[in-house]
1. Please report the projected area of the stretch 27-76's Cα convex hull averaged over all directions, in nm².
2. Once the principal axes of the Cα atoms of the stretch 9-49 are found, what is the range along each, listed largest first in whole angstroms?
3. In square angstrom, what is the accessible area per residue of the stretch 5-71 with a 1.4 angstrom probe?
4. What residues of the stretch 12-41 lie in the reach of a label at GLU56, counting those whose backbone N is under 17 Å from a point 7 Å from the Cα along Cα→Cβ?
5. Can you tell me the order of 5-12, 22-29 when each peptide is scored by its average per-residue count of other Cβ atoms within 10 angstrom, highest first?
Amino acid sequence: MEVRIVRLSSGEEILCKCETNESSTTIKNPAILMPMGGGQLGMMEWMPYADYKELELDNKFIMFTIKPQTELMNQYNEQFGSGLVVPGKNVSSPKLTLST
């Protein structure tokens, strides 16, 4: 399963781990994305009142899935996933100096 943004036919956008086959999509640890003021995005657990580990959705209710930006994926992993984050493109390795 990989982290994807899933756009449902209801208009909801959820960030989750998902796996798709020809008729359905299985989602795990879904978080709903909510636009906030000032260009910010909010994220909260999707259906926090339900007891499930995975949920299978019929593909007729899914408009599309797309890979999230690295920063958004990292926030999701910190809050809902493994806790692992992907370093940004501007991260550089420390320079080593050898002395003789």
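The values are calculated or read from the model by the stated rules, or taken from the named source; none is laboratory data. What you see is a predicted model; the values in this text were computed from it and never measured. Here Cβ is always computed from backbone atoms with ideal geometry, including for glycine, and neighbour counts include all displayed protein chains. For the accessible areas, the whole protein counts, side chains as well, though only heavy atoms, and no ligand, DNA or RNA atoms are used. Shrake-Rupley method; radii C 1.70, N 1.55, O 1.52, S 1.80 Å.
1. Directional mean of the projected Cα hull area for the stretch 27-76 stands at 4.5 nm².
2. Principal extents (largest minus smallest coordinate, Cα): 38, 21, 16 Å.
3. About 67 Å² of surface per residue is accessible.
4. Label zone hits: 18-29.
5. Descending mean neighbour count gives 22-29, 5-12.
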